Amino acid sequence: MSDIRYSEEHEWIRVDGDVGTVGISDYAQGALGDVVFVEMPEVGTNLDQNAEVGVIESVKAASEIYTPVSGEVVAVNDAVDGDPSLVNTDPLGEGWLFQVKLSNADELDGLANQEAYDKFLEGLD
Amino acid sequence: MMNRQGRPSQAAENTSRTTGPTSTGHKALDLSEPLIFEQDRPGQTGVDFEDVPLSRSRLGGLDRDQSIGLPGLTESQVVRHYTRLSRKNYAIDMGMFPLGSCTMKHNPRLNEAMAGLPGFADIHPLQPTSTIQGALAVMDQLGDWLIELTGMPGVSLAPKAGAHGELCGLMTIRAALEARGDARSRVLVPESAHGTNPATAALCGYKVDSIPANDEGRVDLEALKEKLDDDVAAIMLTNPNTCGLFERDIVEIAELTHAAGAFFYCDGANFNAIVGKVRPGDLGIDAMHINLHKTFSTPHGGGGPGSGPVTFSEALVPYAPGPFVKQAGDALTLDEGFEPEAIGRMAAFHGQMGMFIRALTYMLSHGGDGLKQVAEDAVLNANYILSSLQDVMSPSFAGPCMHEALFDDKFLKDTGVSTLDFSKALIDEGFHPMTMYFPLVVQGAMLIEPTETESRESLDEFIHALRHLAQSASSGKSNSFVAAPQYAPVTRLDETQAARKPVLSYQPPEVDAAE
């Protein structure tokens with residue numbers, strides 16, 4: 001599995017073969033507060049990079065989920081559907097949101113690695 | 001023992017009350033109050049006849065054979081139950097309601113007196129118009145006032161609330177575009193908009209395209225220009241916006257919108273900040289709803305109902321929904337407005353008549369100059385709060401503001417206190433909290449709208465409470481915040497569980513199988 005990559009919208013992606021697993025970053029879950037509902041994309045949907053694919057609702061606000069890469073949704077995390085708190089307790093692990101079969105692996109080069117994302121977060125404060 | 005009417009046919013035995021820290025569960029005059037269903041003692045309602053054994057049912061086997069599930073209480077218990085609950089509640093008649101973006105102003109009692117006049121209170125919309133000339137005159141005059149105050153030539157009074165007015169406005173815009181054979185697919189909405197704006201656009205079948213805010217909290221004009229093309233049906237803008245700021249570029253935005261062939265919808269939720277000072281029609285707006293329950297002091301927030309008349313530019317008037325009050329000889333009559341190009345009715349009957357009377361009463365009791373002062377005082381009060389708190393809290397944008405003061409959570413950084421904790425602590429100080437976490441464009445937002453009806457004394461008391469809390473937070477007393485509210489009838493509620501696992505109806509305890 002490849003290293004973790006981040007988008008400026010605070011989604012992360014890890015790629016294994018041609019399938020990427022997507023979730024939201026630890027920073028994003030902290031900013032949202034307790035997540036109460038996640039609306040996932042449907043399996044089989046074709047997504048364009050940066051398209052709005054779902055919604056995360058917390059006690060504070062509803063925020064869109066964007067896909068960091070283009071491709072077809074091949075799986076969604078049903079565990080998060082049953083227990084949205086997984087997004088808060090383990091955003092980079094058990095709290096993943098969906099898996100996408102990449103249609104253009106070059107898009108990964110445009111995403112930030114951990115170091116660059118940390119630097120990006122410093123700039124936000 | 002229930003009879004066929006679902007009523008008990010035997011008296012109940014008394015059981016003891018739930019207890020709490022005191023032997024009774026009450027805290028002095030703060031009386032504990034169980035749910036009405038928990039006070040259910042079948043038989044307390046009085047006792048009904050047992051079913052007559054010989055009666056032949058004519059219900060074809062559809063007779064009720066179970067309890068209808070209503071709790072059994074005496075009349076005095078029911079009265080006390082709701083009175084006790086009302087004493088736990090907070091209301092504009094008890095104190096300041098600083099909810100930003102909501103405009104919780106005093107509801108003058110004169111409004112109520114006028115709405116209670118028998119000629120208004122005891123009429124029905126299906127009466128012959130010859131018998132309700134006074135009511136029609138109220139609608140006619142209210143419409144004239146709204147036309148005068150907005151500088152826009154047409155008005156539909158029917159919409160029942162702000163969001164209904166938005167729907168009315170966008171449906172009218174859609175009809176105007178379709179009439180010229182110009183189907184368009186997108187509506188532009190700023191990031192700081194009320195959530196109802198994108199919802200309205202989506203309900204009308206449009207794709208919502210969001211316009212970012214600039215560093216000043218206003219619409220980013222360059223981003224707007226990029227998105228504005230011949231596929232845009234309308235832009236929906238609130239002015240002053242939800243950051244409490246006047247959109248200075250609004251005339252240019254209107255010109256750009258019209259040059260692109262689109263319509264300009266204004267969310268008039270914040271009209272109270274500019275009423276009597278600015279006529280939206282002069283800014284190039286094509287449609288705007290006016291929340292009578294905000295700007296014109298009709299009841300709001302549980303006391304409702306709301307009312308959201310919409311004013312229209314010349315281009316949209318032919319498509320606006322009726323009914324309209326028209327002069328026919330000496331009398332007033334109702335024109336249904338069923339012209340083929342118009343969108344038809346938005347509501348059964350004519351709109352929120354009771355609110356029309358209250359709003360017109362407010363207009364007439366203030367007069368033109370008084371309404372101008374309403375806007376001035378609303379803005380003055382908000383700026384008084386902003387300037388009195390800017391050294392201990394963190395204003396999101398450089399002042400002055402319009403009718404509401406917006407703070408972010410920078411002043412709480414590293415204190416261990418969140419916007420939520422801070423708002424809860426305000427309850428212990430005897431105030432309803434301000435709006436929090438809205439608008440979304442500001443981190444940890446706290447939005448405060450005092451309105452024009454708060455006195456200098458009540459503003460000072462509120463400012464004192466906030467200064468005290470801000471200073472406590474920065475001096476490291478985060479524990480008292482995390483536990484707040486401590487003195488409210490109920491302490492901190494688990495909002496997360498309430499959202500994740502809502503229990504939306506009373507769950508009766510397991511009943512004995514023998515019963």
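In region A:29-43, which residues are more than 13 Å from every other protein chain (Cβ to nearest Cβ) and in a loop (DSSP other than H, G, I, E, B)?
Answer for region A:29-43, where residues must be more than 13 Å from every other protein chain (Cβ to nearest Cβ) and in a loop (DSSP other than H, G, I, E, B): A:40, A:41, A:42, A:43.
Just the residues that are buried (at least 19 other Cβ atoms within 10 Å of the Cβ) and either assigned to a loop (DSSP other than H, G, I, E, B) or touching a residue at least 60 places away in the same chain (Cβ under 8 Å) (or both), please, taken from region A:75-101.
A:77, A:84, A:87, A:91, A:95, A:96, A:97, A:98, A:99, A:100
Can you pull out every residue in region B:387-419 that is in contact (Cβ under 8 Å) with a residue 40 or more places away in the chain and in a helix (DSSP H, G or I)?
B:388, B:389, B:411, B:412
Only one residue in B:264, B:271 is in the same structural domain as residue B:228 (by TED's automatic domain parsing), assigned to a helix (DSSP H, G or I) and buried (at least 24 other Cβ atoms within 10 Å of the Cβ). Which one?
Numbers: B:264 fails: assigned to a helix (DSSP H, G or I).
Only one candidate passes the filter, namely B:271.
Only one of these conditions is not met by residue A:117: (1) within 24 Å of residue B:443 (Cβ to Cβ); (2) part of a loop (DSSP other than H, G, I, E, B); (3) more than 14 Å from every other protein chain (Cβ to nearest Cβ). Which number is it?
(2)
Which of the residues belonging to region A:51-74 are surrounded by fewer than 21 Cβ atoms within 10 Å (Cβ to Cβ), more than 14 Å from chain B (Cβ to nearest Cβ) and farther than 18 Å from residue A:110 by Cβ?
Within region A:51-74, A:54, A:72, A:74 meet the criteria.
State all residues of region B:325-343 that are within 15 Å of residue B:168 (Cα to Cα) and surrounded by 13 or more Cβ atoms within 10 Å (Cβ to Cβ); if no residue qualifies, say none.
Residues satisfying the conditions are B:337, B:342, B:343.
For residue B:462, indicate whether it is closer than 30 Å to residue B:190 by Cα, modelled with pLDDT of 95 or more and either assigned to a loop (DSSP other than H, G, I, E, B) or not assigned by TED's automatic domain parsing to the domain that holds residue B:247 (or both).
For residue B:462, the condition - closer than 30 Å to residue B:190 by Cα, modelled with pLDDT of 95 or more and either assigned to a loop (DSSP other than H, G, I, E, B) or not assigned by TED's automatic domain parsing to the domain that holds residue B:247 (or both) - is not met.
Considering only residues of region B:420-440 that are in contact (Cβ under 8 Å) with a residue 60 or more places away in the chain and part of a loop (DSSP other than H, G, I, E, B), which is farthest from residue A:62 (Cα to Cα)?
B:430
Six or more apart or on different chains, Cβ under 7 Å: which pairs go from a residue in region B:202-217 that's farther than 20 Å from residue B:253 by Cα to one that's of a type outside the set (Val, Ile, Thr) and part of a helix (DSSP H, G or I)? Could you list them?
B:203/B:167; B:204/B:170; B:204/B:171; B:204/B:174
Of the numbered conditions (1) part of a helix (DSSP H, G or I); (2) under 30 Å from residue B:376 (Cβ atoms); (3) within 24 Å of the chain's Cα centre (by Cα), residue B:496 satisfies every one except a single condition; which is it?
Of (1) part of a helix (DSSP H, G or I); (2) under 30 Å from residue B:376 (Cβ atoms); (3) within 24 Å of the chain's Cα centre (by Cα), only one is false for residue B:496: (2).
Count, please, the residues in region B:28-64 that happen to be over 30 Å from residue B:487 (Cβ atoms) and out of contact with any strand residue (DSSP E or B) (no Cβ under 9 Å at 6 or more places or on another chain).
From region B:28-64, those over 30 Å from residue B:487 (Cβ atoms) are B:40-64; that's our starting set.
Subset that is out of contact with any strand residue (DSSP E or B) (no Cβ under 9 Å at 6 or more places or on another chain): B:40-41, B:49-63.
Within region B:28-64, residues that are over 30 Å from residue B:487 (Cβ atoms) and out of contact with any strand residue (DSSP E or B) (no Cβ under 9 Å at 6 or more places or on another chain) number 17.
The values are calculated or read from the model by the stated rules, or taken from the named source; none is laboratory data. Model, not experiment: these values are computed from the prediction. With ideal geometry, Cβ positions are generated from the backbone for all residues, glycine too; neighbour counts draw on all protein chains shown.
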